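The values are calculated or read from the model by the stated rules, or taken from the named source; none is laboratory data. Model, not experiment: these values are computed from the prediction. Cβ placement follows ideal geometry from the backbone for every residue including glycine, while neighbour counts extend to all protein chains displayed. Each accessible area value is taken on the protein alone, full model and side chains, heavy atoms only, with ligands, DNA and RNA left out. Shrake-Rupley method; radii C 1.70, N 1.55, O 1.52, S 1.80 Å.
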Amino acid sequence: MATDVLAGPDDPRRAAPAEPPRRTRRRGGTRSGETAAGWLFVAPVIVILGLFMLLPILMALWVSLTDWNGQGSPFTSRVPLVGLDNYTDLFTRDGLARQNFMTSIRNNLYYVGIVVPVQTALALFLALVVNNRMLRGRGFFRAAFYFPSVTSSVAISVVFLFIFANAGAVNRLLALFGIDGPQWFADSRGVLHLLLGALGMDEPPRALTSGGPFGLAWWDWLSGPSVAMCSIIILVVWTTSGTFMLMFLAALQQVPETLEEAGKLDGATRWQRLRFITLPSLRPTMFLVLALGVIGSWQVFDQIYVMSQGDPAKTTLTPAYLSYRTAFRDFEYGSGAAISFVLFLIIILLTLGQRWLLRERDSGRRLRRRADRSGAETGRRS
Amino acid sequence: MARRFLRRATVAGIAATALLTSAACGSGFDDDAESSQTSGPAALQILIGSSGEAETKAVQEAAASWASASGNTATVTPAQDLVQQLGQALAGDAPPDVFYVDAGRFADYASVGALEPYGDKLADAGDFYPSLRTAFTRDGKLYCAPKDFSTLALQVNTDLWTKAGLTDADIPTTWDQFTATARKLKAKGVTPLAIGDTRDRIGAFMRQNGGWITSPDGKQATADTPENLQALQYVKSLLTEGLARYPKQLDAGWAGEAFGKGSAAMTIEGNWIKGALQNDFPNVKYTVHPLPAGPKGQGTLSFTTCWGIAAKSKFKDQAIKFVEAMVSVEQQMSFAKGFGVMPSRQAARDQYTQAFPADKAFVDGAEYAQGPVNAPKMDSVLADFDTGLQGLDRGDPKALLERVQKNTQAALAG
């Protein structure tokens, strides 16, 4: 339509015979116009993103290379430039900065390592349950499972503080079964430590109390998430699995029923149908959920800020919270910015790694073929 | 129609690009070195970290009456999070003219040149308690006027005390007596002491044994000393024997709450506990006593805040006048009555003890109190020390002090 109007007074209907050559001639012109128009259309977004995302990110990158103390602008000649010192402090120099950073990395590794698989599995399970046509009151369950995700994370965190208080609901419940619940938010011992303690091993083995990479003893790396961290993990799994359930549900409803029926006709068991039909068709969603899960859990901040502020004994310190604390509490803006860029790199690398792991390979086709074969075999057998 | 649209879009795009470039490089990040003093009526911006409604109201009223008497205007803003808001304001080059500066944070601000050292210009700066002046002195210069202060003392729950068969004679004045009394309480099934798990409480024991984290001038790390070790070992023995408990173990947010709920017979808190108990636990009966003395005599910790004036303020002269009005004896006494703080002037001492005789132990503490560590970049070091103290009951005090020593040395050097 735009070309018609651009053609001006020429009535396209009258000029019909000459149309084919003119069109080809015009196409080039329109295309170049399209490019310009395209840029113009996206210009507002580019400007907004550039102004409010790219520019601040570049500014932060600059700050991470300086020793800016938060007085006045960081872009003057008076701000001392320290090169990569802020980064090397985090990795190679023995000191409090490295110790805090490595502790936060350890905490977050355990956090991601537990939260991502558990929430993905739970979300998939919930989606399968809710997708079941035999289930009554599906709407109700869908809403109930999704509900924690739409509630404010701060509000939920505060409620959890009450639930996990020493005389709170969880410990009362445990007391009913004669279990003396832990002091959830005051207990800095690692779970692994506790488990070994239950087996009678109270002192860490001598070989593990020293050495270890990056200034943290092996025992510190290996003792597992603290009890306090576990309660935050429980909270996060509960709140986020609803969102991911919704994604899985949407994907499940895209799986053609014919495939499922074909599997049934071929005599595949319920487990086989799940393993070889449903899961492979969920692969893109699985990647989305895992990627979002990893990104979100490396960036965990609000729960920590509300519930524990890194306590007890730094066992709930995470890089995102540490970055905030270093910059805005200790006025070491350079170091804080450096932490956030390292976090950014970690997330990028992990997401790329995930993409590589979950890429579409021949194996997908092979799996399907295997499914067909095994389906056929069972069919033959029956 | 489309042609017109294209033209418009082009204009918009060019405008947006221009905006981006101007924002990126046009605004002139190089700021002027010094802002000049402006005379005439001032519009003072005052940022306070208020303890609550009562304090906000009292400061607002005081500021309003100063403003109307002097012909200036003064806007008091209570901060949600003073450290963060102040940090952003300083980074944005638009700090408030006058703001609260906590003694624990003072060195951070003073060392980066955010504060105007106006102590010399104050009329009678010598009247402030010496320990409070030290807390706000750096390189021999008094930077700002302390607005009030608090010290730690021992609170004793009267009901639990008599229930356990103890009398006033049992109120401990030394560490040995404290241990003996605590054992008696424990034998009756009462948790003897609720104590906060930070250096701001446990540090008092270090003082009573003659130790501290830094040297008096704040230049040397003195964490790893036999005095400190002995003090921490004493606290550790209290914890492992069950004579003292941290608030979290008593299911309380802070020691005062545990004390108010009757979970412990004694606690070590500052004079803020008065207001807190009145609000939350009005029925608790208690008495206040000086902290038990250690082997090296009496020791307590003081906490104070000063009226900082921004080095970049345009109204420094007026701001100093404002601070003088705020720290006058009458004004401090009215603050004391309004929200229960202790005046920072020695001249107000008698008036205060007459009005609040129960607070004698707190006021007397000013004589032998130790202020917070007065050195920059120590906050994360001390936070790390707190982390160690949280696990003191099963940790190694010697290793902890060595760690603090190492980190303090690094912080003081850098």
**OP:** For residue A:76, state whether it is closer than 23 Å to residue B:113 by Cβ and exposed (fewer than 14 other Cβ atoms within 10 Å of the Cβ).
**Re:** yes
Subject >> Residue that is farthest from the other protein chains (Cβ to nearest Cβ) [pool: residues in the stretch B:133-155 that are outside any helix (DSSP H, G or I) and among the β-branched types (Val, Ile, Thr)] >> reply: B:151
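A quick yes/no check of all residues on (1) within 19 Å of the chain's Cα centre (by Cα); (2) surrounded by fewer than 14 Cβ atoms within 10 Å (Cβ to Cβ):
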residue	(1), (2)
B:44	no, no
B:47	yes, no
B:52	yes, yes
B:55	yes, no
B:61	no, yes
B:66	no, no
B:78	yes, no
B:81	yes, yes
B:94	no, yes
Subject >> the stretch A:48-72, subset open to solvent by less than 20 Å² (accessible area, probe 1.4 Å) and at the interface with chain B (Cβ under 8 Å from one of its Cβ atoms), residue modelled with the lowest pLDDT >> reply: A:72
**OP:** Scan the stretch B:180-191 and give yes if some residue there is of a type in the set (Val, Ile, Thr) and closer than 19 Å to residue B:270 by Cβ, otherwise no.
**Re:** no
Original post:
Just a yes or no: is a residue in the stretch B:78-98 within 14 Å of chain A (Cβ to nearest Cβ), in contact (Cβ under 8 Å) with a residue 24 or more places away in the chain and under 18 Å from residue B:327 (Cα atoms)?
Top reply: no
**OP:** Just one of (1) over 17 Å from residue A:229 (Cβ atoms); (2) small (Gly, Ala, Ser); (3) touching a Gly at 6+ places or on another chain (Cβ under 6 Å) trips up residue A:190, so point out which.
**Re:** (1)
Subject >> Selection status of residue A:90, within 11 Å of chain B (Cβ to nearest Cβ), at pLDDT 80 or above, open to solvent by less than 50 Å² (accessible area, probe 1.4 Å) and assigned to a helix (DSSP H, G or I) >> reply: no
**OP:** Please indicate, with yes or no, whether at least one residue in the stretch A:329-341 is open to solvent by 30 Å² or more (accessible area, probe 1.4 Å), within 16 Å of the chain's Cα centre (by Cα) and either more than 14 Å from chain B (Cβ to nearest Cβ) or modelled with pLDDT under 90 (or both).
**Re:** yes
**OP:** Run residue A:326 past the list (1) hydroxyl-bearing (Ser, Thr, Tyr); (2) more than 9 Å from chain B (Cβ to nearest Cβ); (3) part of a helix (DSSP H, G or I) and report the number of the one that doesn't hold.
**Re:** (2)
**OP:** Scan A:76, A:103 and give me the residue that is hydroxyl-bearing (Ser, Thr, Tyr), within 30 Å of residue A:192 (Cβ to Cβ) and within 11 Å of chain B (Cβ to nearest Cβ).
**Re:** A:103
Original post:
Do we find a residue being open to solvent by 50 Å² or more (accessible area, probe 1.4 Å) and under 30 Å from residue B:102 (Cα atoms) anywhere in the stretch B:140-147?
Top reply: yes
Subject >> Selection status of residue B:210, closer than 21 Å to residue A:188 by Cβ, at pLDDT below 95 and touching a strand residue (DSSP E or B) at 6+ places or on another chain (Cβ under 8 Å) >> reply: no
**OP:** Take the residues in the stretch A:228-263 that are touching a residue at least 24 places away in the same chain (Cβ under 8 Å) and part of a loop (DSSP other than H, G, I, E, B), then tell me which one is least open to solvent (accessible area, probe 1.4 Å).
**Re:** A:255
**OP:** Just one of (1) more than 14 Å from chain B (Cβ to nearest Cβ); (2) assigned to a helix (DSSP H, G or I); (3) open to solvent by less than 40 Å² (accessible area, probe 1.4 Å) trips up residue A:284, so point out which.
**Re:** (3)
**OP:** Tell me, please, whether a residue that is under 30 Å from residue A:283 (Cβ atoms), out of contact with any strand residue (DSSP E or B) (no Cβ under 9 Å at 6 or more places or on another chain) and in the same structural domain as residue A:254 (by TED's automatic domain parsing) can be found in the stretch A:152-163.
**Re:** yes
**OP:** Name every residue in the stretch B:369-392 that is within 11 Å of chain A (Cβ to nearest Cβ) and either at positive phi or not in a helix (DSSP H, G or I) (or both), in order of residue number.
**Re:** B:376, B:377, B:378, B:391, B:392
**OP:** Would you check if there is a residue in the stretch A:300-317 being open to solvent by less than 30 Å² (accessible area, probe 1.4 Å), at pLDDT below 90, away from every other protein chain (no Cβ under 14 Å) and not in a helix (DSSP H, G or I)?
**Re:** no
Original post:
Out of curiosity, is residue B:131 within 30 Å of residue B:181 (Cβ to Cβ) and assigned by TED's automatic domain parsing to the domain that holds residue B:343?
Top reply: yes
**OP:** For residues that are open to solvent by 10 Å² or more (accessible area, probe 1.4 Å), in a helix (DSSP H, G or I) and not hydrophobic (A, V, I, L, M, F, W, C), tally how many sit in the stretch B:110-132.
**Re:** 7
Original post:
Within the stretch B:207-254, can you find the residues that are within 14 Å of chain A (Cβ to nearest Cβ), over 22 Å from the mean Cα position of the chain (by Cα) and either in contact (Cβ under 8 Å) with a residue 24 or more places away in the chain or more than 17 Å from residue B:387 (Cα to Cα) (or both)?
Top reply: B:239, B:245, B:250, B:251
Original post:
For the stretch A:351-367, does any single residue satisfy the condition of being modelled with pLDDT of 90 or more, closer than 24 Å to residue A:230 by Cα and either touching a Gly at 6+ places or on another chain (Cβ under 8 Å) or in a helix (DSSP H, G or I) (or both)?
Top reply: no
Subject >> Filter pass, residue A:119 being farther than 20 Å from residue A:221 by Cβ and assigned by TED's automatic domain parsing to the domain that holds residue A:317 >> reply: yes
